[in-house]
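Working notes for the structure below.
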Amino acid sequence: MEAVARSSERAGAATRSRAEVDATLQTAKLNPAELLPAVHCLSFGPQAGGECCLLQLEPALCAELEAGRSLVIRGEKDEHAVLCSKDKTYDMKIADTSNMLLFVPGCKTPEELNADQASCNIIHSQIAGFSKNYWELRRCRPKLKKLRKLLMEDPYEGPDSQKEQTSTFSKYTTEDLLSLIQASEEEILHQLQVIDACKIEGYWRILDFDYEMKLLNHVTQLIDSESWPLSKVPLCACLEELGSLEPREMIEHILLSYGRKYVDDAGEVFFKMHEDKICRAIAQMLLQNAVKFNLSEFQEVWQQSVPEGMTTRLDQLQGLALVDKSSRPETIFLLKVEDLPEDNQERFNSLFRIREKWTEVDITPYIQDLCAEKQTVGALLTKYARSSMLNGVKVYNSRRPIS
């Protein structure tokens with residue numbers, strides 16, 4: 001054990017002698033033989049008046065700082081602050097400690113003193129700061145719902161739209177989004193891909209759904225007229241044929257949104273179209289103007305509306321539409337997961353207002369994005385819902401009354 005003599009003296013005051021230290025040990029009834037010979041005599045330095053902030057970091061975050069990278073605290077005045085690395089987001093929570101934490105520059109640990117036999121018998125050190133608590137970090141989901149909300153303030157309706165010329169809504173660059181969204185840069189850029197955002201004149205935009213469907217219709221009609229296989233749609237031919245109707249960058253963007261880009265052995269660029277995503281978009285177009293749709297009639301119209309060679313299936317609509325099997329006849333209606341609250345409890349409350357009892361199959365598409373790292377849908381249901389059996393099927397209802 002190392003002996004520490006504390007003093008309330010400010011810098012420049014008389015330092016303690018060995019005799020004073022020994023007298024202090026005797027008063028405290030400590031045996032010097034049980035202690036290391038080196039003694040730290042502490043005094044408050046001239047800059048020790050203010051309290052410091054202490055941040056507890058996991059080894060990976062320490063390594064980021066040591067490598068010269070930055071950690072950023074993000075959040076507006078009405079938001080709970082989060083800390084972001086290049087690719088992860090962490091909740092910040094204050095943890096109180098029963099002991100005052102003192103910051104002493106150059107302070108040596110007992111192990112270091114043991115290794116350095118030449119250390120001075122009495123070490124006079126100044127306290128640079130103190131803290132009664134520290135910030136704890138816990139990995140959390142990035143708060144990305146606001147990203148879509150901001151971009152949907154002014155969706156892109158095409159170059160000929162009158163709204164493009166008169167809109168007073170803000171437009172956002174990558175730097176703007178980094179300052180407004182509580183997520184890491186990599187998480188934000190990945191989510192921009194997920195929601196099919198594109199850069200137009202340096203600003204991130206989401207296409208207006210009607211304009212998006214117009215572009216997709218141009219592409220699918222061209223595929224049909226040219227009898228191209230859905231797995232081999234040529235980029236150059238699409239741009240050549242459709243470039244007079246819409247901007248070439250918009251044609252390529254819709255191909256990127258609804259297909260996978262690849263290059264063949266001859267170096268030509270092709271797209272393999274995503275059948276499920278195209279069928280899903282057409283279903284949304286059919287459902288968006290109806291409160292409820294007769295399920296069998298919807299399935300018939302849906303299949304007739306998709307490009308030839310594509311097959312519609314209800315599992316393509318997970319997180320987009322919900323089937324009501326209790327009604328007669330069965331119905332289907334639009335319920336988009338991105339329209340639901342981001343907070344866990346609010347999400348479950350919203351879902352249980354829509355439907356009192358849910359099967360796990362039906363509710364999973366609407367809560368799986370809430371799962372934290374290594375958390376399962378089953379664990380979420382155990383925490384926020386109560387299970388019971390209904391006609392031999394396990395169903396879930398709210399743990400609390402829903403107003």
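The values are calculated or read from the model by the stated rules, or taken from the named source; none is laboratory data. Nothing here was measured: the structure is a model prediction, and the numbers come from that model. Every residue, glycine among them, receives a Cβ derived from its backbone with ideal geometry; neighbour counts consider all protein chains shown. The area values use the complete protein model at the heavy-atom level, side chains included, leaving out ligands, DNA and RNA. Shrake-Rupley method; radii C 1.70, N 1.55, O 1.52, S 1.80 Å.
To the nearest 500 deg cm²/dmol, what mean residue ellipticity at 222 nm is calculated for the chain from DSSP H runs of n ≥ 4 alone, each contributing -39,500 (n - 2.57), summed and divided by the residues? Taken over the chain, the calculation gives -10000 deg cm²/dmol. Each of Ala290, Leu242, Met310 was scored by the projection of its Cα onto the charge dipole of the chain, and the greatest displacement toward the positive side belongs to Ala290; charges sit on the C-beta of Lys, Arg, Asp and Glu. With all protein chains in place and a 1.4 Å probe, the accessible surface of the chain carries 50 percent carbon and sulfur.
Taking all protein chains as they are arranged and a probe of 1.4 Å, the heavy atoms of His80 leave approximately 110 Å² accessible to solvent. Counted residue by residue at 0.36 nm each, then reduced by the alpha carbon distance between them, the extension gain from Ser244 to Lys292 reaches 13.5 nm.
Cα centroid separation, the stretch 250-322 to the stretch 219-242: 16 Å.
Rounded to the nearest 20 debye, the dipole size of the stretch 209-273 about its Cα centre is 220 debye, using +1 on the Cβ of Lys and Arg and -1 on the Cβ of Asp and Glu. Listed peptides 32-38, 379-385 appear in the order 379-385, 32-38 once ranked by packing, highest mean of other Cβ atoms within 10 Å at the front.
Remark: the Cα gyration tensor places the stretch 21-139 in the prolate category, a/c being 1.5 or greater and a/b exceeding b/c.
Remark: spin-label model distance Lys394-Asp210 equals 4.6 nm, labels positioned 7 Å along the Cα→Cβ axis. If you plug the beta carbon distance of Val301 and Ile73 into 1/(1 + (r/R0)^6) with R0 = 41 Å, you get a FRET efficiency near 0.20. Candidate cross-link partners of Lys163 among the lysines, defined by an alpha-carbon separation under 16 Å and a same-chain spacing of 8 or more, comprise Lys171.
Which of Ser227, Trp135, Ser170 sits farthest toward the positive end of the charge dipole of the stretch 134-232, with +1 on the Cβ of Lys and Arg and -1 on the Cβ of Asp and Glu? Of the listed residues, the answer is Trp135.
What length, rounded to one decimal in nm, is gained on full extension from Leu54 through to Asp96, with 0.36 nm per residue of separation minus their alpha-carbon distance?
In short, 14.0 nm is gained.
Can you give me the distance in nm between label points at Leu113 and Lys86, each placed 7 Å from the Cα along the Cα-to-Cβ direction? Calculated label separation equals 4.0 nm. Surface exposure of the chain, expressed per residue as accessible area with a 1.4 Å probe, stands at 58 Å². Please state the relative contact order of the chain as a whole percent: Cα pairs under 8 Å, 6+ residues apart? After rounding, I find 10 percent. Annotation: extensible slack from Ser170 through Thr364 equals 66.3 nm (criterion: 0.36 nm per residue apart, minus Cα-Cα distance). When semi-axes √(5λ) of the Cα gyration tensor in Å is calculated for this entry, the matching label among (1) 62, 29, 19; (2) 37, 29, 16; (3) 43, 31, 20 is (1).
Modelled spin labels at Lys199 and Ala266, positioned 7 Å past Cα toward Cβ, are 3.2 nm from each other. Taking the Cα centre of the stretch 260-313 as reference, the dipole from Cβ charges on Lys and Arg (+1) and Asp and Glu (-1) amounts to some 320 debye.
Once you have a ≥ b ≥ c as the square roots of the Cα gyration tensor eigenvalues for the stretch 346-403, tell me rounded if a/c is under 1.5, and otherwise prolate or oblate according to whether a/b is larger than b/c. It is oblate, given that a/c is not under 1.5 and a/b is not larger than b/c. Here the stretch 63-200 is treated with +1 on each Lys and Arg Cβ and -1 on each Asp and Glu Cβ, and its dipole about the Cα centre works out to around 340 debye. With a ≥ b ≥ c the root eigenvalues of the C-alpha gyration tensor of the stretch 198-343, is it rounded (a/c under 1.5), prolate (a/b larger than b/c) or oblate? Prolate shape, in that a/c is at least 1.5 and a/b is the bigger ratio. Heavy-atom accessible area for Leu286, with the other protein chains in place and a 1.4 Å probe, reaches approximately 40 Å².
The candidates Leu189, Leu239, arranged from most to least accessible area with a 1.4 Å probe in the full protein assembly, appear as Leu189, Leu239.
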